[in-house]
Amino acid sequence: MDKKTLKDVRKSFLSYFAKNDHKIVDSSNLVPNNDPTLLFTNSGMVQFKNVFTGLEKRDYKRATTSQKCVRAGGKHNDLENVGYTPIHHTFFEMLGNFSFGDYFKDVAIELAWNLITKEFGIPKDKLSVSVFSEDKEAFNLWKKIAGLSENKIYKISTSDNFWSMGDLGPCGPCSEIFYDHGDHLKGGPPGSKDQTGNRFIEIWNLVFMQFEQIAKEERINLPKPSVDTGMGLERISALLQGTHDNYETDHFKTLIKVSSELTKTKITKDNIASHRVISDHLRASVFLIAEGVLPSNEGRGYVLRRIMRRGMRHSHTLGSKEPIFYKIVPTLIHEMSDSYPELIRAEPLITEILKTEEEKFSILLARGMRILNDNLTKVKNNLLPGDLAFKLYDTYGFPLDLTQDILKNKKMNVDVSGFDKAMAERKKTTKLAWKGSGDEAVDKIWFYLREKIGGTEFLGYEHNQSEGVVLSLIKKGKEVQEINEGDEADLVANQTPFYGESGGQVGDTGYISNSKSNFQVIDTQKKLGDLYVHR
Ligand code: GLY
């Protein structure tokens with residue numbers, strides 16, 4: 001087998017499919033612009049969703065990509081496993097080839113089999129596959145094309161062999177290719193009771209896109225049967241580098257070396273999980289910030305904050321008192337910017353956000369850890385009371401999964417229903433307090449505007465400059481037709497790249513201008529969820 005670096009594997013994959021008449025298409029953004037129901041792009045097919053369903057036409061019928069993906073929240077969520085298994089990531093790249101009504105199962109199987117056995121030189125006797133139990137056609141094609149014996153083709157009837165992007169969208173039966181890393185590792189073949197072990201690792205998933213889920217109980221046929229495949233770049237690189245562990249590849253070893261130097265810790269079997277978490281969570285954070293996602297207390301920003309804080313907790317555990325994440329950024333950018341030049345453009349922002357978040361959080365973390373440790377002796381049945389986990393969340397900014405992660409090593413858990421109850425209680429009291437406090441006249445205007453003009457389209461994930469139509473000017477709580485030099489007023493537009501303050505993240509400042517006037521934005525606030533108000 002060839003020993004290829006991560007960069008080599010990405011390149012070989014794309015050029016193999018280009019040679020086979022596929023168009024190399026750039027990765028789309030992690031924040032999907034074509035699907036408000038999806039938190040993050042979680043697979044290669046997301047940018048082609050509307051092409052599969054026939055809504056959108058492209059001038060090619062075959063494509064190949066290396067797609068940035070985040071799986072931390074939503075249908076595909078790997079966050080809690082990261083650090084503790086050799087194959088899970090929050091951020092990863094998915095290699096894929098796609099047919100939009102062009103080829104179907106036979107060609108997909110042939111292309112995949114030739115790439116891994118001929119180009120990559122993976123020995124055939126190490127490979128086995130799974131098919132959806134009802135998919136006899138795929139079963140026969142594997143026998144015919146790959147020459148696999150029947151006992152190497154596992155029929156699986158569960159959702160493991162039926163792929164869907166989310167609750168709605170294109171979906172279909174799939175066939176997965178497995179590599180046997182050898183009997184020195186625990187684990188059984190796919191479909192067996194110990195399939196979760198590390199011995200048989202899925203390396204490629206070929207989805208035969210046939211349906212579109214249009215409602216919970218309603219599935220229709222796609223206009224034309226299509227193909228979507230997904231192969232984790234980190235996983236296949238590990239295999240080609242002779243290991244079953246993604247974190248043992250050239251790329252991760254480079255990052256882990258820096259984290260070990262910065263935390264002044266030698267890597268041991270007791271602390272390796274922390275180094276892995278740091279390297280993984282740094283990648284996710286950097287790529288998300290590069291697209292303008294900023295840590296906040298809701299939505300995508302909150303997922304980012306959870307990832308960052310989980311990572312930062314691990315650096316703290318390794319004894320690091322100073323922020324380290326931003327110091328690993330240059331190494332990561334050096335590793336990845338050939339394929340992702342947006343990282344270079346965003347480097348100052350990435351550095352600033354990582355440094356500030358880590359500085360702020362380290363104070364809270366130290367205090368929160370003290371409270372947590374003081375209370376551990378009182379824990380019964382290895383279950384941390386929900387109200388204590390809530391206090392850590394509410395006062396010290398510990399997301400629930402962070403507390404769970406800390407307790408994992410101690411084989412303890414959190415009483416999640418107690419946590420939820422405390423959270424619901426807090427929401428109730430906050431609502432009551434809010435009702436009684438605010439300036440009524442001012443509050444009313446936001447309800448009125450929200451009703452009249454709807455919410456603002458937020459463009460700040462993609463752009464820091466954009467055009468928009470001014471929909472309302474507000475002075476002293478009243479809508480006005482004009483404002484003059486020296487006035488302090490608020491402006492609402494149909495869309496904006498300005499980030500609105502919410503949950504402790506400060507609002508953006510800047511300028512809004514046309515040929516005649518200039519409005520200096522000294523603050524941006526988000527009202528009623530999605531009304532962006534520029535002051
Ligand atoms: N869309 C194929 C996969 O994620 O496995």
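Step through the table entries Lys118/Lys152; Lys3/Lys61; Lys23/Lys224; Lys4/Lys257, compare each Cα-Cα distance with 25 Å, and write down the pairs that go over it. The answer is Lys3/Lys61.
With bins 10 Å wide beginning at 0, the percent of Cα pairs of segment 470-535 falling in each bin runs 21, 57, 20, 1.
What number comes out for the charge environment of Gly197, summing +1 per Lys or Arg and -1 per Asp or Glu over other residues with Cβ under 14 Å away?
Here the count lands on -2.
A straight line joining the Cα centroids of segment 461-501 and segment 350-376 runs 35 Å. When each of the peptides 207-220, 62-75 is scored by the mean number of other C-beta atoms lying within 10 Å of its residues, the order from highest to lowest reads 62-75, 207-220.
For the chain, the spread of Cα coordinates along the three principal axes comes to 78, 60, 45 Å, biggest extent given first. Anything over 31 Å Cα to Cα? Flag those among Lys475/Lys516; Lys7/Lys360; Lys7/Lys49, in the order listed. Result: Lys7/Lys360 exceed 31 Å. Any chance you could give the angle, 0 to 90 degrees and rounded to 10, that helix 250-262 forms with the longest Cα principal axis of the chain? The two axes meet at around 40 degrees.
The calculated FRET efficiency for the pair Arg345 and Glu261, based on their C-beta separation and a Förster distance of 35 Å, comes to about 0.85. Centroid-to-centroid, using Cα positions, segment 8-71 and segment 295-342 are 25 Å apart. Partner lysines whose Cα lies under 18 Å from the Cα of Lys264, excluding those fewer than 8 positions away in the same chain, are identified as Lys253, Lys321, Lys327.
Note on Lys57: aspartates and glutamates with a C-alpha under 19 Å away, same-chain residues under 8 apart excluded, are Asp21, Asp26, Asp35, Asp102, Glu212, Asp228. With the charge dipole of the chain set up from +1 on Lys and Arg Cβ and -1 on Asp and Glu Cβ about the Cα centre, the Cα lying farthest toward the positive end among the listed residues Gly454, His76, Ser296 is that of His76. Our estimate of slack between Glu137 and His334, defined as 0.36 nm per intervening residue step minus the Cα-Cα distance, is 66.4 nm.
Between the Cα long axis of helix 105-114 and the first principal axis of the chain there is an angle of about 80°, rounded to the nearest 10.
On the beta carbon distance between Lys478 and Asn297, with R0 = 30 Å, the FRET formula returns roughly 0.50. Between 0 and 90 degrees, the angle of helix 272-290 with respect to the longest Cα principal axis of the chain falls at about 60 degrees.
For segment 38-190, the relative contact order comes to 21 percent (Cα pairs under 8 Å, sequence separation of at least 6). Taking the charge dipole of the chain about its Cα centre, with +1 at Lys and Arg Cβ atoms and -1 at Asp and Glu Cβ atoms, the residue from Phe178, Gln505, Ile272 reaching farthest to the positive side is Ile272. Setting aside same-chain residues fewer than 8 positions from Lys478, which lysines have a Cα under 17 Å from its Cα? By straight Cα distance, Lys478 reaches Lys444, Lys452, Lys527. The rule of thumb for compact globular proteins, 2.2 N^0.38 Å, goes into the C-alpha radius of gyration of segment 343-403 1.47 times.
Charge dipole (Cα centre; +1 on Lys/Arg Cβ, -1 on Asp/Glu Cβ; no other charges) of the chain amounts to roughly 1320 debye. With 32 Å as the limit on Cα-Cα distance, the pairs of Lys105/Lys216; Lys19/Lys126; Lys126/Lys408 that go past it are Lys126/Lys408. Here the dipole of segment 112-207 is about 320 debye; that uses its Cα centre as origin and unit charges on the Cβ of Lys and Arg (positive) and Asp and Glu (negative). Packing, taken as the mean count of other beta carbons within 10 Å per residue, orders the peptides 320-330, 403-413 from highest to lowest as 320-330, 403-413.
A simple spin-label model places the labels of Ile512 and Arg219 4.7 nm from each other, with each point 7 Å out along Cα-to-Cβ. Give the residue from Leu127, Ser159, Thr117 lying farthest towards the positive end of the charge dipole for segment 56-212; charges sit on Cβ (+1 for Lys and Arg, -1 for Asp and Glu) and the dipole is referred to the Cα centre. About the Cα centre, the residue reaching furthest to the positive side is Thr117.
Each value in this text was obtained by applying a stated rule to the coordinates, not by laboratory testing. Predicted model only: the values in this text are computed from it and were never measured. Note that we place each Cβ from the backbone using ideal geometry, even for glycine, and neighbour counts take in every protein chain shown.
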